[in-house]
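**Q** Below you will find the structure I want to go over with you.
The values are calculated or read from the model by the stated rules, or taken from the named source; none is laboratory data. Note that the structure is predicted; figures quoted are calculated from it, not measured. Cβ placement follows ideal geometry from the backbone for every residue including glycine, while neighbour counts extend to all protein chains displayed.
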2 protein chains.
Amino acid sequence: MGEVQTDHLAHERGRAEFDVEAMKIVWAGSKQAFDLSDRMARVVASDPVFRKDNRAMLGRKELFKNTMRKAAHAWKRIIELRLSEEEASRFRAFVDEPAFTDLHWGMFVPAIKGQGTDEQQQKWLPLAYKMQIVGCYAQTELGHGSNVQGLETTATFDPKSDEFVINSPTLTSSKWWPGGLGKASTHAVVYARLIIGNQHHGVHGFIVQLRSLDNHVPLPGITVGDIGMKFGNGAYNTMDNGVLRFDNVRIPRNQMLMRVSQVTREGRFVQSNVPRQLIYGTMVYVRQTIVSDASIALSRAVCVATRYSAVRRQFGAKNGGLETQVIDYKTQQNRLFPLLASAYAFRFVGEWLKWLYTDVTQRLQAKDFSTLPEAHACTAGLKSLTTSFTADGIEECRKLCGGHGYLFSSGLPELFAAYVPSCTYEGDNYILQLQVARILMKTVSQLGSGVQPVGTTAYLGRVEHLMQCQCSVQKAEDWLKPSTIQEAFEARATRMAVACAQKLSTMPNQEEGFAELSADLVEVAIAHCQLIVVSKFIEKLQQDIPGKGVRKQLEVLCNVYALSLLHKHQGDFLATGSITPEQASLANDQLRHLYDQVRPNAVALVDAFNYTDHYLGSVLGRYDGNVYPKLYEEAWKDPLNDSDVPDGYNEYLRPMLKQQLHLARL
Amino acid sequence: MGEVQTDHLAHERGRAEFDVEAMKIVWAGSKQAFDLSDRMARVVASDPVFRKDNRAMLGRKELFKNTMRKAAHAWKRIIELRLSEEEASRFRAFVDEPAFTDLHWGMFVPAIKGQGTDEQQQKWLPLAYKMQIVGCYAQTELGHGSNVQGLETTATFDPKSDEFVINSPTLTSSKWWPGGLGKASTHAVVYARLIIGNQHHGVHGFIVQLRSLDNHVPLPGITVGDIGMKFGNGAYNTMDNGVLRFDNVRIPRNQMLMRVSQVTREGRFVQSNVPRQLIYGTMVYVRQTIVSDASIALSRAVCVATRYSAVRRQFGAKNGGLETQVIDYKTQQNRLFPLLASAYAFRFVGEWLKWLYTDVTQRLQAKDFSTLPEAHACTAGLKSLTTSFTADGIEECRKLCGGHGYLFSSGLPELFAAYVPSCTYEGDNYILQLQVARILMKTVSQLGSGVQPVGTTAYLGRVEHLMQCQCSVQKAEDWLKPSTIQEAFEARATRMAVACAQKLSTMPNQEEGFAELSADLVEVAIAHCQLIVVSKFIEKLQQDIPGKGVRKQLEVLCNVYALSLLHKHQGDFLATGSITPEQASLANDQLRHLYDQVRPNAVALVDAFNYTDHYLGSVLGRYDGNVYPKLYEEAWKDPLNDSDVPDGYNEYLRPMLKQQLHLARL
């Protein structure tokens, strides 16, 4: 936590009505997970090589050089400390700087593991595990994002030499965006259309070496570079997202990833009996980590905004006394506390997704594909829901810090800029919700035929009840009952889905109808996904939760999460008749009372995230609340303050002030 | 428009069903305004000194040096071209780079004009007009934002020397944020608590020289510098937002701005008979310009997103043909077209605010203060509504561009980062809506007493009708009637206001009740402000609008604006019984049909903004739609691409790849 001299938030911490240490365990998932995380965070925070506060001042080259330095140093430390895979992964996460190693470990290695044959894995994985090669994942192209089938890069089999010839036939076929591709990677898994003779056989992955292992110079036929600056300062500019073109680049046949499909020596295209559904399993895994990252990003922003809202005072001074802490204002609470509750909600749904992934994997191994479509859709929807909400939530936290949130040293601008790509990568958030909607429409259409909905769609099996049930709330406190909340969310999601399905069924062409109603369908999918998050929070509360007052806090947060959503989307609830206007108003009254219960615990609830000042990277979010002296100190570090009189005064400002501009060379 | 070789959007432009040139005039406000704007934009765009595409690559010092260069060059050109004040102001706007001159012209000069005596104006304004001095507006402090009465800087009258002594008694009293203060300004209007003897006389403005006019070195007792990097790259980092501390800085008595209050030679504090309401007039002016700027910022983002949505293709290819333009997807339309409609809506409400300012000014001159509170609240609310919506809208446009929107060269990250402070400065957007709510609650409470509501609150005079009227919509087309829309919005705003007022009246303490209900009150204020924007759009359509098909387009946009708001906030409409669930659903059906009408005109509707490629500053938004070759070209300009092998390879990457990290110095 850094050296704490005076704790300006001690009073706040003293007000907490629960055991913060116990909550830390709940947040981390287990005592073991907490210890591991805590240890790794401290190792990184105490190492000066990993400082982050200078990122805004570094030019692009220096910034990237620094990223390589950190990556190399991290790797050195990981080896020296003999860290396990899990420890190493946490260690890298706490370095908190997007780097080519993310793609090496997160995409290149898994691609080979998932799509390579045993032989290919034996050849390539040891090299990758020792980082004797650095790899990336080259799928998207300048003209092609989400639509993998639209990729233009070609891999043509040459039977004479037993090689594939890789080409970029058009400008729009240039690989574009892959992280780590621009400057660092020696190898890439490249996705290209397989061509044998005149036949196209779809898109497949190929291991291609890009640079010499001796001097890192790009190999013949390879044009590779960085695609330039991205959103923000620091942020993702530490990553060498790259552009890549191929001009008759030849690779041996055995560098096509052949677990699912093969090309034989004779040039025959063969499909293996490995089920293609396996790739969905991988997607479930990747998206589960994205949901888990959403809760981390959101909780960081909320931690900053909560602490600073307790430090900052504005208006309301009585008799020359102190002004009011802004966290005491209801408008501040109404914006901040639902975000705090959401951070916890996303944490728990992320935990559940881990279980889901295990479950799906076990079923896949037993060749049971029955739950896969629903599980796949559910992770897609939750990825979409949590990342969109988190991106907006970080920016809201920045605004909640007033003007100072706009300073780089608040940490929030960089957190936002580094986070927002999550809304686009691994599936655009709107396209993902349409996938969810498709499953929902299918499920609804089969309800009559006796097919039982599974997993998170199971509630649709109670369609008859949910279409006509009436919410029983008569006074504000009635909204505290989990079953009441759950049923209201189920009724809303069911009725919206059924209404859309009915509208669809009146349309002559189902596909066109789906396109026509797609905006409504996205809303249906969101209602479904919100229900999942609410349900999983409620389920969490049914578990054994040790620690004084911990369960009580989580109950309050669960209710804040659900009721703030209900208020925000009350149009859905009212339009479907799931609740009455009076009940909506009572929910809102209850929400205000809940804020009073959150208020004394707010700072302790963000302390429970256990973030070091290094990881948080925010002057406003400092653990000790000593904000203003540090803001003042930070300011003077800007290069503009190197001299009292700025560079350029003599050339530009002085001639203007002295009315001699006509003489100046501008 | 730059050199157009092939117009890749020609087909889109050919589909337009209206006279784009005529729409340009409507957007600009008049033929004269269009010509002026068009001329200035072209002068700036054709001048290489004003290039903007390199901002992301400049370090802070070079960036600021470049800003000074542009400011000096702009001033030189303004003099050479003998531009009028209005022309000069447009010229500076098209330079499109936040600079100290914004504060000089926009805050320093107006402060002296508004608060200085005739004598003070005669002394200081000529110096400022010739830029022999550069001034800024030093109000906010490190610990004090919106609350002017909380400022801590002191100005103590010393009767012996007939001077004020300015001091920064605490760290939190450091002036913090003022633009232009850090490095460029020679003078500032400083707000400080006036102290005479032991008496405090509130906060007043003082003209203080900060730097030597000979060599720009800060004067004795002055500590001044830049507060450091802010959100994003380029963006507001061209501005030298500053920190300032005073240590017994002495200024002559006649440098207190004395139009409203004076200190005499003897140290007597005297209030003049100049009405204090005048400062509200200034606020109406400033906020009117902010609303007008919101329509500009939003329209820029919408222009980029619309053009690129027409260029970009994704999925839906049939028989190997072209993929579908993303602008043809309903989800894209449902996100984009309401933003397009909002840009137009904000433009027209901004136009109306100009009229309102003139009206208020005339009344003030005639000592008629009756409409001032309502006008003041209304501008506050519209500032809040339009800036919040625009900030979110820019980010939504960025997401609508998919992954490429994340590139700096898309222009959208910088537009967003430079725009978001609007939500905080000149009144935090939530605090402003509470001001609106206060007026609304007061108005409602006086309804029984025969006080007629004025201006934008006039509709509350029809409270009896609006509390019980029923929306007459029976089929989707019924929603096209302006009077139907208007009444639905009036009923919703009235009923929400009345419900809140009733709840308030049951509370024992009005002030505490207001605080308790503040989140609801903000919603009431927003409903009221949305009604204003809808009404002013409808009023605009009642004017004479020349040009083939122009009125028709604006009618469609007005309906898109209103019905998309109605859908987004359907909870309000349903909870208040202003419409039924069936009518809400019909509104949504109608909205979808309206999108079909916008679609063929979308590109032409953004062409009507008449933005040059220079001003737009976006590869994705290029007029000619030639996006991909230019994106590719831009990428190679990044400094990281100066060499194939990145700086740092030998120190960091090579030892890692060669397993020699233990030997490396990291």
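**Q** Taking the stated definitions as given, is B:THR379 without any contact (Cβ under 8 Å) to a residue 40 or more places away in the chain, assigned to a helix (DSSP H, G or I) and over 23 Å from A:GLY145 (Cβ atoms)?
**A** Judged against the criteria, B:THR379 is not a match.
**Q** If B:GLN446 satisfies all but one of (1) surrounded by fewer than 21 Cβ atoms within 10 Å (Cβ to Cβ); (2) closer than 20 Å to A:ASN334 by Cα; (3) away from chain A (no Cβ under 11 Å); (4) of a type in the set (S, T, N, Q), what's the number of the condition it fails?
**A** (2)
Results for (1) aliphatic (A, V, I, L, M); (2) under 27 Å from A:PHE346 (Cα atoms); (3) touching a residue at least 60 places away in the same chain (Cβ under 8 Å); (4) not assigned by TED's automatic domain parsing to the domain that holds A:LEU171, shown as yes or no for each residue.
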residue: A:ASN233; (1), (2), (3), (4): no, no, yes, no
residue: A:MET256; (1), (2), (3), (4): yes, no, yes, no
residue: A:ARG259; (1), (2), (3), (4): no, no, yes, no
residue: A:VAL286; (1), (2), (3), (4): yes, yes, yes, yes
residue: A:ALA305; (1), (2), (3), (4): yes, yes, yes, yes
residue: A:VAL311; (1), (2), (3), (4): yes, yes, yes, yes
residue: A:THR324; (1), (2), (3), (4): no, no, no, yes
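**Q** Also, quick follow-up: Scan segment A:576-608 residue by residue and report those that are touching a Ser or Thr at 6+ places or on another chain (Cβ under 8 Å) and in contact (Cβ under 8 Å) with a residue 12 or more places away in the chain.
**A** Within segment A:576-608, A:LEU591, A:ALA602, A:VAL603, A:LEU605, A:VAL606 qualify.
**Q** Okay, next question. Name every residue in segment A:205-249 that is at the interface with chain B (Cβ under 9 Å from one of its Cβ atoms), surrounded by fewer than 24 Cβ atoms within 10 Å (Cβ to Cβ) and not in a strand (DSSP E or B), in order of residue number.
**A** Residues satisfying the conditions are A:LEU213, A:ASN215, A:HIS216, A:VAL217, A:TYR236.
**Q** Would you be able to tell me the number of residues in segment A:458-516 that are among the basic types (Lys, Arg) and surrounded by fewer than 18 Cβ atoms within 10 Å (Cβ to Cβ)?
**A** Residues that pass the stated criteria total 4.
**Q** Continuing with this model, one more query. hydroxyl-bearing (Ser, Thr, Tyr) and within 22 Å of B:VAL463 (Cα to Cα): does that describe B:SER564?
**A** Spelling it out, it is not the case that B:SER564 is hydroxyl-bearing (Ser, Thr, Tyr) and within 22 Å of B:VAL463 (Cα to Cα).
**Q** Moving to a separate point now. Just the residues that are in contact (Cβ under 8 Å) with a residue 24 or more places away in the chain and within 27 Å of the chain's Cα centre (by Cα), please, taken from segment B:498-519.
**A** B:SER518
**Q** Does any residue in segment B:159-181 that is under 23 Å from A:GLY405 (Cα atoms) come within less than 6 Å, Cβ to Cβ, of a residue that is among the β-branched types (Val, Ile, Thr) and in a strand (DSSP E or B) six or more places away or on a different chain, and which pairs are these?
**A** Going by the 6 Å Cβ cut-off, the qualifying pairs are B:SER174/B:VAL243; B:TRP176/B:VAL243.
**Q** If you don't mind, there's one more thing I want to ask. In this structure, does B:GLY197 turn out to be at pLDDT 95 or above, within 14 Å of chain A (Cβ to nearest Cβ) and either surrounded by fewer than 22 Cβ atoms within 10 Å (Cβ to Cβ) or touching a helix residue (DSSP H, G or I) at 6+ places or on another chain (Cβ under 7 Å) (or both)?
**A** The answer is no for B:GLY197.
**Q** Which of the residues spanning segment A:392-410 are farther than 16 Å from A:LEU336 by Cβ, surrounded by 24 or more Cβ atoms within 10 Å (Cβ to Cβ) and small (Gly, Ala, Ser)?
**A** If the condition is that a residue be farther than 16 Å from A:LEU336 by Cβ, surrounded by 24 or more Cβ atoms within 10 Å (Cβ to Cβ) and small (Gly, Ala, Ser), then A:SER409 is the only one that fits.
**Q** Can I ask one more? From the set of residues in segment A:48-59 that are farther than 17 Å from A:LEU415 by Cα and at pLDDT 95 or above, which is surrounded by the fewest Cβ atoms within 10 Å (Cβ to Cβ)?
**A** Within segment A:48-59, the match that is surrounded by the fewest Cβ atoms within 10 Å (Cβ to Cβ) is A:PRO48.
**Q** Restricting to segment A:25-42, what's the tally of residues that are part of a helix (DSSP H, G or I) and on the phi > 0 side of the Ramachandran plot?
**A** Matching residues across segment A:25-42 total 0.
**Q** Any residue that is in a helix (DSSP H, G or I) and out of contact with any His (no Cβ under 8 Å at 6 or more places or on another chain) - is there at least one of those in segment A:615-623?
**A** Yes, there is a match, as at least one residue in segment A:615-623 is in a helix (DSSP H, G or I) and out of contact with any His (no Cβ under 8 Å at 6 or more places or on another chain).
Conditions tested, residue by residue: (1) among the aromatic types (Phe, Trp, Tyr); (2) within 26 Å of A:ARG300 (Cβ to Cβ); (3) assigned to a loop (DSSP other than H, G, I, E, B).
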position	(1), (2), (3)
A:TYR561	yes, yes, no
A:SER564	no, yes, no
A:GLY571	no, no, no
A:ILE579	no, no, yes
A:GLU582	no, no, no
A:LEU586	no, no, no
A:GLN590	no, no, no
A:LEU594	no, yes, no
A:VAL598	no, yes, no
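**Q** Okay, moving on. If you go through segment A:400-442, how many residues are more than 25 Å from A:PRO178 (Cβ to Cβ) and without any contact (Cβ under 8 Å) to a residue 40 or more places away in the chain?
**A** 3
**Q** Something else: From the list B:TYR611, B:TYR632, B:TYR628, exactly one residue is in a loop (DSSP other than H, G, I, E, B) and either more than 21 Å from B:GLU555 (Cβ to Cβ) or modelled with pLDDT under 95 (or both). Which is it?
**A** B:TYR611
**Q** Can you tell me which of (1) crowded, with 20+ Cβ neighbours inside 10 Å; (2) away from chain B (no Cβ under 14 Å) is the one A:PRO600 doesn't meet?
**A** All conditions are met except number (1).
**Q** Next question. For the structure I just gave you, tell me whether B:LYS318 is crowded, with 19+ Cβ neighbours inside 10 Å and either in contact with a strand residue (DSSP E or B) (Cβ under 9 Å, 6 or more places away or on another chain) or closer than 25 Å to A:GLY427 by Cβ (or both).
**A** Spelling it out, it is not the case that B:LYS318 is crowded, with 19+ Cβ neighbours inside 10 Å and either in contact with a strand residue (DSSP E or B) (Cβ under 9 Å, 6 or more places away or on another chain) or closer than 25 Å to A:GLY427 by Cβ (or both).
**Q** Considering every residue within segment B:584-593, establish whether at least one is surrounded by 21 or more Cβ atoms within 10 Å (Cβ to Cβ), under 20 Å from A:GLU582 (Cα atoms) and modelled with pLDDT of 95 or more.
**A** Looking through segment B:584-593, at least one residue is surrounded by 21 or more Cβ atoms within 10 Å (Cβ to Cβ), under 20 Å from A:GLU582 (Cα atoms) and modelled with pLDDT of 95 or more.
**Q** How many of the residues in segment B:48-60 are over 21 Å from B:ASP613 (Cα atoms) and not in a loop (DSSP other than H, G, I, E, B)?
**A** So the count comes out to 1.
**Q** Away from chain B (no Cβ under 14 Å), surrounded by 21 or more Cβ atoms within 10 Å (Cβ to Cβ) and hydroxyl-bearing (Ser, Thr, Tyr): is that true of A:SER384 in this structure?
**A** no
**Q** Filter segment A:192-204 down to the residues that are of a type outside the set (A, V, I, L, M, F, W, C) and in a strand (DSSP E or B) and list them by number.
**A** Result: A:ARG193, A:GLN199, A:HIS200, A:HIS201, A:GLY202, A:HIS204.
**Q** Among the numbered criteria (1) crowded, with 19+ Cβ neighbours inside 10 Å; (2) touching a strand residue (DSSP E or B) at 6+ places or on another chain (Cβ under 6 Å); (3) at pLDDT below 90, which one does B:GLY281 miss?
**A** Tallying (1) crowded, with 19+ Cβ neighbours inside 10 Å; (2) touching a strand residue (DSSP E or B) at 6+ places or on another chain (Cβ under 6 Å); (3) at pLDDT below 90, B:GLY281 fails exactly one: (2).
**Q** Looking at segment A:638-658, can you tell me whether even one residue there is surrounded by fewer than 18 Cβ atoms within 10 Å (Cβ to Cβ), within 23 Å of A:ALA297 (Cα to Cα) and within 13 Å of another protein chain (Cβ to nearest Cβ)?
**A** Taking every residue of segment A:638-658 in turn, none turns out to be surrounded by fewer than 18 Cβ atoms within 10 Å (Cβ to Cβ), within 23 Å of A:ALA297 (Cα to Cα) and within 13 Å of another protein chain (Cβ to nearest Cβ).
**Q** Being over 25 Å from the mean Cα position of the chain (by Cα), buried (at least 18 other Cβ atoms within 10 Å of the Cβ), under 21 Å from A:ALA604 (Cβ atoms) and modelled with pLDDT of 95 or more narrows it down to one residue among A:ALA310, A:ALA301; which is it?
**A** Matching residue, one of A:ALA310, A:ALA301: A:ALA310.
**Q** Additional query: So is A:GLN149 polar (S, T, N, Q) and either at pLDDT below 95 or under 30 Å from B:THR324 (Cβ atoms) (or both) or not?
**A** When the stated conditions are applied, A:GLN149 passes them.
**Q** Could you please find all residues in segment B:547-574 being of a type in the set (Gly, Ala, Ser) and in contact (Cβ under 8 Å) with a residue 60 or more places away in the chain?
**A** B:GLY547, B:GLY549, B:ALA562, B:SER564, listed by residue number.
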